[in-house]
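Chemist: Following this message is one structure expressed as structure tokens.
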Amino acid sequence: MSKELKGKIVKGLGGLYETRCADGDDVTRIACRAKGTLKRGDEKLLIGDNVLITVDEDTPDGVVISELLPRKNALIRPPMANLDILFLVFSAKKPCPQLETVDKLTAIAEHNSIEPVIVITKTDLDAAYAEELYGVYSGAGFATFVTSSFDSIGLAELKAFVRERVRGGVTAAFAGASGVGKSTLLNALFPELALATGEISRKIERGKHTTRHVEIFEVGEGSSAGFLADTPGFSLIDFERFDFFEVEDLLPSFRDILPHASGCRYQDCAHVGESKEECAVARAADEGLIATSRLESYRSIYRVLKNKNKYE
């Protein structure tokens with residue numbers, strides 16, 4: 001005799017998946033493997049996936065993940081499914097932020113109907129630049145937090161935001177480059193997580209990959225719980241190698257540029273090299289309505305996607 005349970009994958013290592021199953025406020029965790037078709041292709045399981053688990057005491061396997069339930073989204077980096085909020089973490093200094101990488105992540109999140117939230121860390125190392133970055137991203141319309149785990153700047157506000165928004169089944173993740181302090185920040189917000197942290201290499205100003213796999217932690221309890229993930233650090237978001245989206249999807253993924261795009265002289269304006277007399281986007285940037293770094297990121301991504309399509 002067999003039965004089926006619905007669960008959410010919260011951790012996966014070596015082909016063994018830890019799955020959270022809930023019946024109201026009664027929560028259990030089951031560690032099991034997946035059937036073969038769920039180990040490859042589009043159905044390859046990701047952390048955050050909702051699945052069906054078959055429990056059959058009369059078979060050798062006994063308990064197995066038997067079906068992948070429909071996803072609302074799936075990301076290449078961080079490798080997760082069914083995200084509602086993506087906290088994009090980068091530091092004011094050590095390592096210095098790569099703003100194009102941040103903007104690629106906001107675009108990927110927007111394209112997948114995930115809310116991007118900007119978290120600037122290590123403000124104690126360069127408070128002036130942290131405030132400048134706050135202006136760029138809050139001005140672009142993103143919820144933005146300036147924090148320092150060292151002296152607790154901004155932690156209360158960020159924790160209140162997480163408590164308010166990451167609840168009732170909402171799934172969120174902290175993502176960013178190595179060494180920006182994701183795990184340190186999460187430990188400061190939620191000490192009970194006790195995540196491993198590492199130091200920055202003085203020579204190259206990069207952090208050690210102390211988070212080696214995606215793992216989801218519960219915020220809250222029972223049916224009111226939300227899910228929060230720490231993810232491995234990375235250094236590159238490669239639009240040339242991976243298919244995040246097509247060139248025609250780029251403009252809608254930049255919420256601060258899109259409203260100005262309809263005012264250009266020519267309907268097919270690409271907003272990548274036209275003069276401000278012809279391009280309303282260039283004009284808006286000249287007037288300070290669009291941050292220069294955001295427009296530069298848009299143009300860089302556009303060129304990669306356009307050239308990529310040219311040779312396909």
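Chemist: Select from the range 59-78 the residues that are more than 19 Å from residue 12 (Cα to Cα) and modelled with pLDDT under 95 and write down the one among them that is surrounded by the most Cβ atoms within 10 Å (Cβ to Cβ).
Modeler: 59
Chemist: Right, another one. For residues that are among the acidic types (Asp, Glu), farther than 18 Å from residue 308 by Cβ and at pLDDT 95 or above, tally how many sit in the range 244-276.
Modeler: 1
Chemist: Test residue 284 against the criterion of being at pLDDT 95 or above, in a helix (DSSP H, G or I) and either of a type in the set (A, V, I, L, M, F, W, C) or surrounded by 21 or more Cβ atoms within 10 Å (Cβ to Cβ) (or both), and give yes or no.
Modeler: When the stated conditions are applied, residue 284 passes them.
Chemist: When you check residue 117 against the structure, is it in a strand (DSSP E or B), surrounded by 19 or more Cβ atoms within 10 Å (Cβ to Cβ) and either at pLDDT 95 or above or of a type in the set (Phe, Trp, Tyr) (or both), yes or no?
Modeler: Yes: the conditions hold for residue 117.
Chemist: A further question on this structure: Can you tell me how many residues in the range 271-281 are small (Gly, Ala, Ser) and without any contact (Cβ under 8 Å) to a residue 12 or more places away in the chain?
Modeler: Residues flagged as small (Gly, Ala, Ser) and without any contact (Cβ under 8 Å) to a residue 12 or more places away in the chain within the range 271-281 amount to 1.
Chemist: Where residues in the range 27-58 are acidic (Asp, Glu), surrounded by fewer than 19 Cβ atoms within 10 Å (Cβ to Cβ) and touching a residue at least 40 places away in the same chain (Cβ under 8 Å), which of them is farthest from residue 173 (Cα to Cα)?
Modeler: For the range 27-58, the residue satisfying everything is 58.
Chemist: Consider residue 226 carefully, then state whether it is over 23 Å from residue 137 (Cα atoms) and touching a strand residue (DSSP E or B) at 6+ places or on another chain (Cβ under 6 Å).
Modeler: Spelling it out, residue 226 is indeed over 23 Å from residue 137 (Cα atoms) and touching a strand residue (DSSP E or B) at 6+ places or on another chain (Cβ under 6 Å).
Chemist: Mind checking which residues of the range 10-26 are surrounded by 15 or more Cβ atoms within 10 Å (Cβ to Cβ), of a type outside the set (Gly, Ala, Ser) and in contact (Cβ under 8 Å) with a residue 60 or more places away in the chain?
Modeler: Those that are surrounded by 15 or more Cβ atoms within 10 Å (Cβ to Cβ), of a type outside the set (Gly, Ala, Ser) and in contact (Cβ under 8 Å) with a residue 60 or more places away in the chain: 10, 11, 20.
Chemist: Okay, next question. Which residues, counting only those in the range 132-145, are under 19 Å from residue 180 (Cα atoms), touching a strand residue (DSSP E or B) at 6+ places or on another chain (Cβ under 7 Å) and surrounded by fewer than 21 Cβ atoms within 10 Å (Cβ to Cβ)?
Modeler: Hits for the range 132-145 are 134, 143, 144.
Chemist: Which ones in the range 90-114 are buried (at least 24 other Cβ atoms within 10 Å of the Cβ) and in contact with a helix residue (DSSP H, G or I) (Cβ under 7 Å, 6 or more places away or on another chain)?
Modeler: Those that are buried (at least 24 other Cβ atoms within 10 Å of the Cβ) and in contact with a helix residue (DSSP H, G or I) (Cβ under 7 Å, 6 or more places away or on another chain): 90, 92, 103, 107.
Chemist: Let me ask another. Only one residue in 301, 237, 216 is in a strand (DSSP E or B) and within 19 Å of residue 109 (Cα to Cα). Which one?
Modeler: 216
The values are calculated or read from the model by the stated rules, or taken from the named source; none is laboratory data. From a predicted model like this one, the values you see are computed outputs, not experimental measurements. Glycine gets a Cβ as well: all are built from the backbone with ideal geometry, and neighbour counts include every protein chain shown.
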